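Notes to accompany the following structure.
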Amino acid sequence: MQELERLQQMVDGARRIVFFGGAGVSTESGIPDFRSTDGLYSQSYDYPPEVILSRTFFDNNPAVFYRFYREKMLFLSAQPNDAHRKLAQLEEAGRLTAVITQNIDNLHQKAGSKNVLELHGSVWRNYCMRCKKPYSVEAVLQAEGVPRCECGGIIRPDVVLYEEALDTGVMEAAVRAVSQADLLIVGGTSLVVWPAAGLIRYFSGDSLVLINKGETPYDDRADLLIRAPIAKTLGKIAVR
């Protein structure tokens, strides 16, 4: 049986689908992947991206952080692709219970998904580190140098930097969603970044589907393994 036919059968037979996705879900919307050969990690800067995006670097070098952040992390004109749209349709049809994402681009919400668990936060939310006043992403984008609140505090994006822990409430909700799913579709992620990658251990449902262009440490556990772009694959699935 063809891979797409098997995936369609699994989707048709499932009633509690959960999707867990990474950077590969957004690359087809024009947002670069950190770890691909043409991603941010392969480019040359004075500091490696993983250093710039650490909490220590943010605290010690906020001006450099924000120069990099505005240039390489904000893709506000990006639009949802077929993967985002199909997942929103599955949720609207009552078949998908949650989208768990490592991405910070808000594309799932733009496509119409409601229950989106953002493990690493969102560039669209920002707040003053001193008084906690919320700020729009435009306020960060348009500010010169380090964006500051009217109280004088530094405005920072509501994203999880290296050296920071994931939000406990979001992680607990993700574990609960995965543990209650009968079909878990994992796509566009290498499954090497912890603790997010460990979510797959909580799945005990009927079928595990991995859709990724490259290998993952969990390939041998998959009931269905598809080596293809996630948007191209999910875009062909019917919601019925």
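Residues in the range 105-115 that are part of a loop (DSSP other than H, G, I, E, B) and farther than 22 Å from GLU164 by Cβ: GLY112, SER113, LYS114, ASN115. Checked against the criterion of being open to solvent by 40 Å² or more (accessible area, probe 1.4 Å) and in contact with a strand residue (DSSP E or B) (Cβ under 8 Å, 6 or more places away or on another chain), the range 195-202 has no qualifying residue.
Considering each residue of the range 127-141 in turn, at least one proves to be in contact (Cβ under 8 Å) with a residue 60 or more places away in the chain and under 18 Å from ASN61 (Cα atoms). Scanning the range 64-84 finds one or more residues that are assigned to a loop (DSSP other than H, G, I, E, B), surrounded by 22 or more Cβ atoms within 10 Å (Cβ to Cβ) and in contact with a helix residue (DSSP H, G or I) (Cβ under 8 Å, 6 or more places away or on another chain). Considering VAL178, VAL160, the condition of being at pLDDT 95 or above, closer than 22 Å to ASN60 by Cα and not charged (D, E, K, R) is satisfied by VAL160 alone. Filtered by the rule that a residue be under 16 Å from LEU184 (Cα atoms) and either open to solvent by 20 Å² or more (accessible area, probe 1.4 Å) or in a helix (DSSP H, G or I) (or both), the range 85-97 gives LYS86, LEU87, ALA88, LEU90, GLU91, GLY94, THR97. Under the condition of being of a type in the set (Ser, Thr, Tyr), under 16 Å from PHE19 (Cβ atoms) and modelled with pLDDT of 95 or more, the residues counted in the range 196-240 number 3. Scanning the range 116-149 for residues that are open to solvent by less than 40 Å² (accessible area, probe 1.4 Å), more than 12 Å from TYR69 (Cβ to Cβ) and in a strand (DSSP E or B) returns VAL116, LEU117, GLU118, GLY121, SER122, CYS128.
The requirement of being more than 14 Å from the chain's Cα centre (by Cα), open to solvent by less than 10 Å² (accessible area, probe 1.4 Å) and aliphatic (A, V, I, L, M) is not satisfied by ILE100. Taking first residues from the range 184-209 that are under 15 Å from VAL11 (Cα atoms) and partners that are open to solvent by 10 Å² or more (accessible area, probe 1.4 Å) and of a type in the set (S, T, N, Q), the Cβ contacts under 9 Å between residues at least 6 apart in sequence or on separate chains come to LEU184/SER207; ILE185/SER207; VAL186/ASN212; VAL186/THR216; GLY187/ASN212; GLY205/SER179; GLY205/GLN180. Of everything in the range 203-228 that is of a type outside the set (D, E, K, R), part of a loop (DSSP other than H, G, I, E, B) and under 30 Å from GLU164 (Cα atoms), the residue that is most open to solvent (accessible area, probe 1.4 Å) is SER204. Within the range 150-192, being under 27 Å from ILE226 (Cβ atoms), open to solvent by 30 Å² or more (accessible area, probe 1.4 Å), part of a loop (DSSP other than H, G, I, E, B) and not small (Gly, Ala, Ser) holds for ASP182, VAL192.
The values are calculated or read from the model by the stated rules, or taken from the named source; none is laboratory data. Predicted model only: the values in this text are computed from it and were never measured. Cβ sites come from the backbone with ideal geometry, for glycine too, and all protein chains shown count toward neighbours. Ligands, DNA and RNA are excluded from the accessible area calculation, which covers all protein heavy atoms including side chains. Shrake-Rupley method; radii C 1.70, N 1.55, O 1.52, S 1.80 Å.
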